[in-house]
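The values are calculated or read from the model by the stated rules, or taken from the named source; none is laboratory data. Quick caveat: nothing in here was measured; it's all calculated off a predicted structure. Positions of Cβ are backbone-derived with ideal geometry, glycine not excepted, and every protein chain shown enters the neighbour counts.
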Amino acid sequence: MSTNRIEGAAKKATGAVKEAAGKAVGNDRLRAEGAAEKAVGSAQNAVGKAQDKIAKAIKH
């Protein structure tokens, strides 16, 4: 499994927690920071998935 996939999933989860915390306490900056981090994590996860597919295709 690609490290991008693992790191992306971690960023996505951290971002979701920050976003939820920001919403809960009414902190728009924390909410926005969490949403941005979640988006970065999703993109990084997608890159990792593509890397895994390419590696699998090369092996076969």
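Taken residue by residue, the range 8-21 has at least one member that is without any contact (Cβ under 8 Å) to a residue 24 or more places away in the chain, assigned to a helix (DSSP H, G or I) and crowded, with 16+ Cβ neighbours inside 10 Å. Restricting the range 22-60 to residues that are β-branched (Val, Ile, Thr) and more than 12 Å from the chain's Cα centre (by Cα), which is surrounded by the fewest Cβ atoms within 10 Å (Cβ to Cβ)? Residue satisfying both the conditions and the ranking: Ile58. In the range 26-49, the residues that are outside any helix (DSSP H, G or I) form Cβ pairs under 8 Å with partners that are surrounded by fewer than 15 Cβ atoms within 10 Å (Cβ to Cβ) and not aromatic (Phe, Trp, Tyr), at six or more places apart or across chains, as follows: Asn27/Ala21. Of all residues in the range 40-60, those that are touching a helix residue (DSSP H, G or I) at 6+ places or on another chain (Cβ under 7 Å) and over 18 Å from Ala16 (Cβ atoms) total 4. State yes or no: is Lys56 of a type outside the set (A, V, I, L, M), at pLDDT below 95 and part of a helix (DSSP H, G or I)? Taking the combined requirement at face value, the residue satisfies it.
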